[in-house]
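Data block below; observations after.
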Amino acid sequence: MTLDFAHRVAVTLRLNGRDVTTVVSPRTTLLDWLREEMGLTGAKKGCNEGACGTCTVLVDGHRMNGCLTLAVQCADREITTVEGLAGPGGEPHPVQRAFAEHDAFQCGYCTPGQLMSAVACIAEGHACDDGVVREWMSGNICRCSAYPQITAAVLAAAQEAQGAPGTQAAPGAQAAPGTQAAPGAQETRGTRR
Amino acid sequence: MRDFGYARAGTAASAAAALADPGASAIAGGTELLNWFRLGIAAADRVVDIGGLDELHGIALEGSVLEGGELRIGALATLNEVGEHPLVTRLAGALASACLQAASAQVRNRATIGGNVLQRTRCPYFRAEEPVPWPCNKRHPGSGCAALAGRHERQAVFGWTGDCVAVQPSDPAVALAVLDARAEVLGPAGTRTIPMREFHLTQQEAAVGGEPMRETRLGPGELIIGYRLPASADGQAYIKVRERASYEYAIVSAAATVRPAEGPGGSRIAAARVALGSVAQRPWRLPAAEAELPGTALTREALTPVIERAMADAAPLPQNGFKVTMARNAAVRALLRAAELTAGGHL
């Protein structure tokens, strides 16, 4: 039962709808791998300690900080970055459209993280009113302080999603957290291993 | 971050065997470990990924609520999974609330309930990058405590020593302590349980044990595999006081459970439990208050002196006397809120 410790690890995962196999050093974070190996620089390295949220990406539909995740921990997962949000013809995701319509940014540095967090926030069912959005979006810092516009954009996109069900499910989502438990279920398991 | 070897554990037993090596670290969510590696707080030659261990997942009720049933929470449940699980919100509301008031939505999707209680202090002198430019006995034993002579308004008011004045910042740990949860631990000698109200050590307790920098009762190579909590129908609440409304560590916090009794003069307490957070290096239960509270009216005026008496042994540092008052008020609010939640009919 002795474990074999490797310094180079082969990882297969799905990235923005495409299967990718890569060999990584275990200390490589998902964020560094995306930016430096895959050339996907949408997710930003703001604080590199989980404080700012600008590296937020979806792992199996759940939002996570790319800087607090190792690439090796993403084996067999589905990763979605801001580059994977647009539709097949390049049309903006409804949440991207809502951000543009509501002027929900100024410098734009935090926007990729805000967008990914917003997509998940809506899919989780946490975009029901102003206060709830502010609480569930608090992991994304905006130093230009576009918070009122971001909140408005998230609420508008959520309303649009309610009007047209199924158009905004977080890519790769199996089930939103909190909706996994069947009524009366005595035991549930997270979709994350 | 230094290079390390990586392996995925297939069973908890193989993980425990690998973790017996002092150069090995377990990784689950990694939200704390990766920052330790970056700052030089910890370094590991080998990292054991326990994230794939099925036996460490799952939230279930064993037995019935009314007949000594227990809630079993696997160590790998994320803070969001625990905080939003219907069994936890119904039977351990203080824990659900503490989980959802911790960190941010995306951190809570990674951070696990097992790892959360092993997070270390947020004292800024401790959280410095190597080479640490000031004394910190946790980082470099024998170097001293910069916080004691420097800024310590966020640090301990109970249980500290001249060697270290840090507090344990976990929110869920406070709820687990007030709910009489037990941690299930797997180690080289097999499994054992540790009551969560004793899991962490104050600096004074650690000094008495001859290991002044020890922070928990977890032994070398031991791994938290889950928790067991008595299912409770009592009202519960977790109050977190902080400088921002969200995504911020507590200045102080309080968790409480209340079983109210209706009397001729209004609602009184039949039984209650209280714990304070971020006032010591462990969640701080108030046994003197718990003994005195039965029969006390559920009003701010009646509760405040009871909590005050139970906190009479507080020993604030020069800059943090305000935490004693703030913690007292948080405890009173937690008791009142817990009573309200009972009245709302939790079951």
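Laboratory data are not the source of any read-out in this text; all were calculated from the coordinates shown. All values reported here derive from a predicted model rather than from experimental measurement. Methodologically, a virtual Cβ is constructed for each residue, glycine included, from the backbone with ideal geometry; neighbour enumeration extends over all protein chains shown.
For the reader, a short list of remarks on this structure follows.
- Proximity of backbone amide H atoms, modeled 1.01 Å from N, is registered between B:Gly226 and B:Ala75, B:Glu184 at under 5 Å, excluding neighbours fewer than 5 places apart on the same chain.
- Each Lys or Arg adds one and each Asp or Glu subtracts one; over the other residues with Cβ under 12 Å from the Cβ of A:Gln149, this totals -2.
- Placing +1 on the Cβ of every Lys and Arg and -1 on the Cβ of every Asp and Glu, with nothing else charged, gives segment A:94-163 a dipole about its Cα centre of roughly 220 debye.
- Between helix B:322-343 and chain B there is an angle of about 60 degrees, using the helix long axis and the longest principal axis of the Cα atoms.
- Sorted by Cβ density within 10 Å, fewest first, the residues A:Met137, A:Met116: A:Met137, A:Met116
- Antiparallel DSSP beta bridges within the protein assembly as shown, percent to nearest 5: 85 percent
- DSSP bridge orientation in chain B - percent antiparallel, rounded to nearest 5: 85 percent
- Dipole of the protein assembly as shown [Lys/Arg +1, Asp/Glu -1 at C-beta], most positive-end residue of A:Gln162, B:Val178, B:Pro124: B:Pro124
- Summing Cβ point charges (Lys, Arg +1; Asp, Glu -1) relative to the Cα centre of segment A:1-114 gives a dipole of roughly 160 debye.
- Percent of alpha-carbon pairs separated by more than 17 Å within segment A:94-163: 27 percent
- Computed about its Cα centre, the charge dipole of the protein assembly as shown is approximately 840 debye, with only Lys, Arg, Asp and Glu carrying charge at their Cβ.
- Computed log₁₀ I(q)/I(0) - Debye formula, equal Cα scatterers, no solvent, segment B:115-183, q 0.19, 0.20 Å⁻¹: -0.78, -0.84
- Exposure proxy for A:Cys142, A:Cys107: other Cβ atoms within 10 Å of each Cβ, ordered fewest to most, give A:Cys107, A:Cys142.
- Nearby aspartates and glutamates by direct alpha-carbon distance to A:Lys44 (threshold 13 angstrom, same-chain neighbours under 8 apart not counted): A:Asp32, A:Glu36, A:Glu83
- Neighbourhood net charge (14 Å Cβ-Cβ; Lys/Arg +1, Asp/Glu -1) for B:Gly266: -1
- Gaussian network model of chain B, springs between alpha carbon atoms under 10 Å - residue of B:Tyr227, B:Tyr247, B:Tyr125 with greatest fluctuation: B:Tyr247
- Reachable aspartates and glutamates, given that their alpha-carbon falls under 20 Å from the alpha-carbon of B:Lys138 and they are not under 8 places away in the same chain: B:Glu32, B:Glu129, B:Glu130, B:Glu153, B:Asp163, B:Glu205, B:Glu211, B:Glu215
- Projected-area mean, the protein assembly as shown, by convex hull of Cα positions, square nanometres: 25.3 nm²
- For chain B: rounded, prolate or oblate by the Cα gyration tensor [a/c cutoff 1.5]: oblate
- Under the Karplus curve 6.51 cos²θ - 1.76 cosθ + 1.60, θ = phi - 60°, whole-Hz ³J(HN,Hα) for segment B:247-260, x wherever Gly or Pro sits: 6, 8, 6, 6, 6, 9, 8, 8, 10, 8, 10, 9, 10, x
- Helix B:300-310 vs. chain B, principal-axis angle (Cα, 0 to 90°, nearest 10): 50 degrees
- Of all lysines in the structure, the ones whose alpha carbon falls short of 22 Å from that of B:Lys323, not counting any fewer than 8 places away in one chain, are B:Lys240.
- Within the listed set B:Asp313, B:Asp163, B:Asp171, the residue fluctuating most in the Gaussian network model of chain B (springs between alpha-carbon atoms under 10 angstrom) is B:Asp313.
- Reducing segment B:109-188 and segment B:205-283 to their Cα centroids gives an inter-centroid distance of 15 Å.
- Among B:Ala237, B:Ala256, B:Ala128, residue whose mean-square fluctuation peaks in a GNM of chain B (springs only between Cα atoms under 10 Å): B:Ala128
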